[in-house]
Each structure stands twice: as structure tokens, then as C-alpha cells.
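Only one structure is covered here, and it is reproduced in the block below.
Just so you know, all these numbers are worked out from the coordinates, no wet-lab data involved. Everything numeric here is computed off the predicted structure, so don't read it as measured data. When we count neighbours, we look across all protein chains shown, and the Cβ atoms used for this are built from the backbone with ideal geometry, even at glycine.
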Amino acid sequence: MNKLEEINNKNKLVEIASSVVNKKMTVIEGCRKISGLIDIHDPKNNFLIPIIDLESETDEIPLGDIRKNFSKSYLDEIDNKFKQYINNSTSVILKICKQIIEEYSHDIKQFKNSIRDILLKNDPIKFYFRDLEKKHKYETEIKMILVELDGCKSEEQVANMIRYIFIDMYGEIPNNGKETLNKIGKEIWSLLTTYDAPHVP
């Protein structure tokens, strides 16, 4: 898993954990989705073990549309069988979900800020608008970069993607700006291959 895949994965985990905490998703469904996205052999995921345990212990409970294939009596029986276990585990699972939200949201923000720092340092918008009164924050560009990065497999592809984004948003690149956009692509590729998000204790 490269750094972008790791960040995208953490983003999915934050979305699932938030849905569980906000009661938009059941604890069992959330645990199943989270278990499907994590590497249980990675020591960094040890704090998620209760989620993996609950998913394993309740894997015979049908969820979603598949419940339509079972009789009401069977569903009542299987739901009652695990009701107490789930109730006893819910507070622990919610605590872990909040930890996922806190830690991984921080990692995602740090990654976005690293891309922002690269853009601000090179400040390519100056080649298009020389009299901007306020510092450009590159919010839209960062969103587009994060979407398009997923398909980039080399430094050259990242550089091309950066050029296409700026051409699409602002028009043809002035000659004196091409080198800067190539430099941004190189630095973002380096970020992808070296980035290690800080851990929040």
C-alpha cells in the first residue's frame, strides 16, 4: 500500500467510524466494514482488535438485503443470541471509533497540509495572476490533486497531472511557469514515496 492508498484507506475508515458514532450505521455493520479495510497483522492496528473480535464473533448475523432470505423467527433468534454481547461491547467499539476519527483525521489533514506547503512554496498561481492581493490557498487545486493522484504511478505522471489541472483551471501555462509545475510534480511524488504521518499518542 503506497502513501496515497494509505491516506484514502484512512479516509474511508474515518467515514465508517463517524457513521457508527453518529448512529447512521450499526455497530456490527461498522465493525465488518472496518475489518475489511485493515491489516490485522500490522502492530499499528492493535487498538482495533476489539473491532476484529466483534466482527468474528458475530459473523453469522445476516445484515442488509441478505436478511430478506431468512425467516423472521430465525432473524429474531440470531439477533437475540448476540444482543447482550453486542450491548456489552458497544461502549468499547464507540471509543475505538472516536480514536479512529481523531488519529486518522489528523493524518489526513497532515498529508493535505504537506501538499499545500509544496504549492505555497512554489506558488504557481503567480504566473497567471501577478497582482493578487491575498495569498492563494489552493483549496480547489488540492482537492483535484488528491482525486487525480490515485491514477499516477510515476513522477512524470504526477507532473503531467499537475500541468493538466492548472491548464484546465487557468489556461495555457506561461513558459516561465512550466519548470515550476514540473518541480511541484517532483516534490509531490517524493511526498508519496517518503511521507510518514505522525502518530497522535
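Approximating the spin labels as points 7 Å out from Cα along Cα→Cβ, the K178-to-V92 distance works out to 6.1 nm. Sparse packing (at most 13 other Cβ atoms within 10 Å of the Cβ) combined with a DSSP loop state is found for the following trypsin sites (Lys or Arg not before Pro) in the range 1-52: K23, K24.
Where is the GNM fluctuation largest for the chain (alpha-carbon springs, 10 angstrom cutoff): H136, H106, H41? Taking springs between Cα atoms under 10 Å, the residue moving most is H41. Where in the range 79-104 does the label zone of K23 land, with the point 7 angstrom along Cα→C-beta and an amide N cut-off under 11 Å? In the range 79-104, the label zone of K23 (backbone N under 11 Å from the point 7 Å along Cα→Cβ) covers no residue. Rg over Rh for the chain works out to 1.13, using Cα positions for both radii and the Kirkwood form for Rh. For I78 and H106, the difference between the fully extended length at 0.36 nm per residue and the C-alpha to C-alpha distance is 6.2 nm. Taking all C-alpha pairs of the range 9-73, those more than 14 Å from each other amount to 62 percent. In terms of surrounding Cβ atoms within a 10 Å radius of their Cβ, T194, T26 rank from fewest to most as T194, T26.
Using only the C-alpha atoms, the convex hull of the range 108-194 corresponds to 90 Å³ per residue. Which loop chymotrypsin sites (Phe, Trp or Tyr not before Pro) in the range 91-161, with loop taken from DSSP, have no more than 11 other Cβ atoms within 10 angstrom of their Cβ? Sites meeting the loop and neighbour criteria: F129.
Taking the chain as a Gaussian network of alpha-carbon nodes connected by springs under 10 Å, the highest mean-square fluctuation of the residues K126, K68, K112 belongs to K68.
Restricting the range 81-187 to GluC sites (Glu not before Pro) that sit in a DSSP loop and have at most 12 other Cβ atoms within 10 Å of their own Cβ leaves E133, E172. Taken along the Cα-to-beta-carbon direction at a fixed 7 Å, the label points for H136 and S56 span 5.2 nm.
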